[in-house]
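What follows is a short report on a single structure.
The values are calculated or read from the model by the stated rules, or taken from the named source; none is laboratory data. What you see is a predicted model, and the numbers here were worked out from it, not measured in a lab. Every residue, glycine as well, gets a Cβ built from its backbone with ideal geometry; the counts of neighbours run over all protein chains shown.
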């Protein structure tokens, strides 16, 4: 018996997903809640490890044993994490290994005056944005590329090629611009560094051609800044 | 010379719009910012006085004299209030008197597990909702009615008839249900008490017919509970 959890969290109050001693982490808070309800020590495996301040709307995690009922978990969890589903999964289900794709969304709020309702929920970017240039950058992403330039130099990653399945900028209204990107797996800071670099193209400080060349194994200093975490959401995980 | 301000605020940190000594109010915070920038004592007139905890996305206020530039105001305002526009208005412009209609929105989040991103932004209502019954209630609202039942018994209001111009429930996705309502003017707690009473109809605890009868001058105890303030947004003000 295994359990599969669908989880939503506001990353603003966490130093990321991964359990760290003495720190408030999503994994720590969830494992404590599940252990408390099931009266067993539980270890979670997660589909997408998120960094400090990164949000999730459709995170998936798994653990061995019986699922705890979602309402019971929500009864003991703090309000910045909610378990949307907690269901039985096939024996051996592993949220990380079985995932075929991860979709992230990065939200940019463009209006000159920031919205009180977007604080901590979107990057405020009241600067010039050439939306056509963003579309051209996104169009270059699908496929298998060497993303060495888009992850920190000091890294635990060993392989630097990743396969992007879809990437698209969407303007949901006049003020919001969102990158939706799905890949089989991501490297650390990859979406945020892609966004920071694309914003340099969109502001005229870098050419679209130079952005495309970065996908061929350039080095970290060649790419742009890492956009802040509070605009980033892990949206969903795809399974077979 | 007069000035017209378009204002957005998260009501969660304010005891409402209206200035009160020793309290954090939207009017107080804004008047202080405008006075600081313009170096004159400024008094604001507002289109829609909002209560403690009620949000605004399109509040309008006016004052005599030159407008202060919006970026300068936002530079000194706390981040839970933003001035979207601060523009010259025709001499004698009065945000309250000149308003032809006020539109409020009330947001209800229906999913069993609350969303961390809807905390303080929507009423969590994971109970039964007969959406057709809500539509029937809303359809009864347009026109001029006696709304005595929908405002507190202890009141400063003298007239209890109000003219509703539009009222509609909209389901923006599976989890969100929103009442959009425009009236020439509203009474205190009117939208929230309409929502609380309509939710009783939608839950089968009151008939649609009894709701419609409340619009003919029933008394406050005849209506339902006042829904909490954090689901309510002053969306926009209409002028000629």
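Of the residues making up segment B:44-78, those that are within 14 Å of chain A (Cβ to nearest Cβ), touching a helix residue (DSSP H, G or I) at 6+ places or on another chain (Cβ under 7 Å) and farther than 18 Å from residue B:17 by Cβ are B:68, B:72, B:76.
Among the residues of segment A:117-127, how many are in contact with a helix residue (DSSP H, G or I) (Cβ under 9 Å, 6 or more places away or on another chain) and either at pLDDT below 95 or within 14 Å of chain B (Cβ to nearest Cβ) (or both)? The number of residues fulfilling the criteria is 6. The residues listed here are B:15, B:54, B:46; of these, the one that is without any contact (Cβ under 8 Å) to a residue 60 or more places away in the chain, surrounded by 21 or more Cβ atoms within 10 Å (Cβ to Cβ) and within 19 Å of the chain's Cα centre (by Cα) is B:46. Going residue by residue through segment B:118-140, is there one that turns out to be free of Cβ contacts under 8 Å to residues at least 12 places away in the same chain, surrounded by 13 or more Cβ atoms within 10 Å (Cβ to Cβ), farther than 21 Å from residue B:206 by Cβ and touching a strand residue (DSSP E or B) at 6+ places or on another chain (Cβ under 9 Å)? Within segment B:118-140 (the criterion being free of Cβ contacts under 8 Å to residues at least 12 places away in the same chain, surrounded by 13 or more Cβ atoms within 10 Å (Cβ to Cβ), farther than 21 Å from residue B:206 by Cβ and touching a strand residue (DSSP E or B) at 6+ places or on another chain (Cβ under 9 Å)), the answer is yes, since at least one residue qualifies. Of the residues making up segment B:186-206, just one is buried (at least 17 other Cβ atoms within 10 Å of the Cβ) and at positive phi, namely B:189. Candidates are the residues of segment B:23-43 that are part of a loop (DSSP other than H, G, I, E, B) and touching a helix residue (DSSP H, G or I) at 6+ places or on another chain (Cβ under 7 Å); the one that is surrounded by the most Cβ atoms within 10 Å (Cβ to Cβ) is B:42. When A:75, A:92 are checked against the criterion of being at pLDDT below 95, surrounded by fewer than 19 Cβ atoms within 10 Å (Cβ to Cβ) and more than 23 Å from residue A:190 (Cα to Cα), a single residue qualifies: A:92. Of all the criteria given as (1) surrounded by fewer than 19 Cβ atoms within 10 Å (Cβ to Cβ); (2) within 14 Å of chain B (Cβ to nearest Cβ); (3) without any contact (Cβ under 8 Å) to a residue 12 or more places away in the chain; (4) within 19 Å of the chain's Cα centre (by Cα), the one not satisfied by residue A:170 is (2).
Of the residues A:113, A:149, the single one that is in contact with a helix residue (DSSP H, G or I) (Cβ under 9 Å, 6 or more places away or on another chain), within 14 Å of another protein chain (Cβ to nearest Cβ) and surrounded by 19 or more Cβ atoms within 10 Å (Cβ to Cβ) is A:113. The condition (being surrounded by fewer than 16 Cβ atoms within 10 Å (Cβ to Cβ) and without any contact (Cβ under 8 Å) to a residue 24 or more places away in the chain) is satisfied by just one residue among A:209, A:225: A:209.
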